[in-house]
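A short worksheet on the structure shown next.
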Amino acid sequence: MNTDAFTNHESNVRRYGRSFPTVFTKALGATIWDETGKPHIDFVVGSGALNYGHNNPTIMAPAIEYLVGDNIILSLDMYTAAKRDFIEVFVDSILKPRGLSYKIQFPGPTGTNANEAALALARKYTGRSSVMAFTNAFHGMSLGSLAVSGSASTKELGGVARHDVIRVPYDSYPNQTFDSAGYIDCVLGDPGSGIEKPAAIILETIQAEGGMNVASAAWLSEIQRICRKHGVVLIVDDIQAGAGRTGNFFSFEFAKIEPDIVCLSKSLSGSGSPLSIVLIRPDIDVWNPGEHSGTFRGNNLAFVTAEAMCKMWSDAQFTADVERTAVNVQKHLDRLVAKFPTCIEQKRGRGLMAGLKFRSQAVVTRVHDVAFENGLLIESSGPDRDVIKVLPPITITDEELDHGIAILDHALQEQANGH
Ligand SMILES: Cc1ncc(COP(=O)(O)O)c(C=O)c1O
């Protein structure tokens with residue numbers, strides 16, 4: 001396998017190529033093949049950007065048709081037919097059935113672009129400069145998103161001071177007994193707390209990069225109540241947990257909250273094509289025309305595939321299958337936790353956004369490597385990188401899921417046997 005082009009010419013910064021040192025060529029559903037023809041089950045799925053699997057035929061068929069028809073590919077934020085169709089289907093298939101009403105902003109195409117836009121808008125709307133963000137948060141690698149991210153290494157990477165960021169404890173941080181929502185409510189209401197009222201609170205309902213930490217429904221609805229009480233904008237960064245990952249379209253549906261701003265990206269296009277949106281409560285949409293602009297905000301191929309993905313959520317069979325798969329994943333992980341207590345400390349995550357917290361980072365590395373040798377892609381997260389993320393496509397077949405879990409089981413067995 002020739003990897004010279006990467007090792008000789010690509011920057012040291014490359015990461016996934018080092019974790020999976022092979023050259024990939026083809027992919028379908030939950031399976032990705034390398035140049036030698038070896039198949040791998042993919043539980044990384046573009047770090048949550050391929051929730052609907054690789055080359056999902058329902059999503060790709062309209063894209064292929066679109067590509068061969070001299071249709072618009074890039075349009076800045078001009079009006080195009082593909083964009084109109086996406087907006088109409090997103091409103092009718094996703095927002096309306098959930099009783100949600102938002103204006104839609106199209107920022108740059110990556111997740112961090114959506115968060116930067118959301119933070120800027122909340123600051124403009126409230127006239128305040130600071131933002132509350134949580135321990136172990138991850139919001140992206142541009143400067144504003146890095147500032148609200150929790151990890152020490154991401155701060156060092158950006159070289160930014162965390163001005164205007166108030167760090168507060170996430171649900172169950174540092175332990176189950178600490179009432180973090182109560183603390184936030186208290187400091188916001190106490191003129192002696194030394195903490196100024198922020199423009200926004202930004203949160204993930206499941207902190208994926210932070211170690212698959214889950215916020216409870218009660219905590220989320222309490223944070224919403226606190227935001228409303230103190231006039232603070234609630235931003236949910238649903239970039240990794242949204243677009244179907246937890247089993248519902250939005251990750252916050254289970255908590256019955258209605259955030260003021262929602263950021264979506266990653267799997268929004270359904271195809272891996274970059275697309276982000278910021279959903280804005282209509283009265284917060286105080287942008288002036290053109291005030292927040294940029295080039296790649298009109299990826300029409302992504303609009304076409306996103307439209308096809310959104311339509312899938314109107315299909316009762318599809319949603320029932322996703323629910324069933326989520327239950328299966330949880331069952332598999334419960335079994336692994338019970339079977340390998342010396343390796344695994346606990347199950348993490350919710351629905352199809354699942355993970356396993358290990359007792360040691362070294363074991364995670366070995367499990368990762370053995371799994372890869374045997375044809376399974378997994379990645380780790382958390383401040384100590386001791387959590388394995390289990391993110392199969394939400395459309396994975398039972399056979400592919402069973403096969404991937406069997407490879408994981410085998411890798412764990414080798415560790416339990418002391419290999
Ligand atoms: C919750 C969350 N927010 C934001 C981002 C940043 O997205 P992007 O890498 O597309 O900028 C990520 C990426 O992993 C994420 O998980």
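The values are calculated or read from the model by the stated rules, or taken from the named source; none is laboratory data. Computed from a prediction, not measured in an experiment: that's the story for all the values here. Here Cβ is always computed from backbone atoms with ideal geometry, including for glycine, and neighbour counts include all displayed protein chains.
Some notes on this structure:
Conditions tested, residue by residue: (1) more than 16 Å from the ligand (Cβ to nearest atom); (2) out of contact with any helix residue (DSSP H, G or I) (no Cβ under 9 Å at 6 or more places or on another chain); (3) under 17 Å from ALA302 (Cβ atoms).
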position: GLY46; (1), (2), (3): no, no, yes
position: PRO57; (1), (2), (3): yes, yes, no
position: ARG98; (1), (2), (3): yes, no, no
position: MET141; (1), (2), (3): no, no, no
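- Pair list, Cβ < 7 Å and 6+ apart or interchain, from the range 252-269 residues that are at pLDDT 95 or above to residues that are of a type in the set (Val, Ile, Thr) and assigned to a helix (DSSP H, G or I): ASP260/ILE284; ILE261/ILE284; SER269/THR305
- Total residues in the range 92-124, condition among the hydrophobic types (A, V, I, L, M, F, W, C) and within 28 Å of ASP70 (Cβ to Cβ): 2
- Meeting the requirement of 1 or more residues that are loosely packed, with under 14 Cβ neighbours inside 10 Å, β-branched (Val, Ile, Thr) and without any contact (Cβ under 8 Å) to a residue 12 or more places away in the chain, the helices (runs of 4 or more DSSP H) wholly within the range 1-82 are 4-9, 57-67.
- Test for ILE94: is it more than 13 Å from the ligand (Cβ to nearest atom), in the same structural domain as ILE239 (by TED's automatic domain parsing) and under 19 Å from the mean Cα position of the chain (by Cα): yes
- Wholly within the range 309-419, helices (runs of 4 or more DSSP H) carrying at least 2 residues that are in contact with a helix residue (DSSP H, G or I) (Cβ under 8 Å, 6 or more places away or on another chain) and of a type in the set (S, T, N, Q): 316-339
- Residues in the range 109-129 that are within 9 Å of the ligand (Cβ to nearest atom) and touching a helix residue (DSSP H, G or I) at 6+ places or on another chain (Cβ under 8 Å) were compared, and the one that is farthest from SER149 (Cα to Cα) is PRO109.
- Residue, surrounded by the fewest Cβ atoms within 10 Å (Cβ to Cβ), within the range 343-398, restricted to residues that are within 18 Å of VAL329 (Cα to Cα) and without any contact (Cβ under 8 Å) to a residue 40 or more places away in the chain: GLN346
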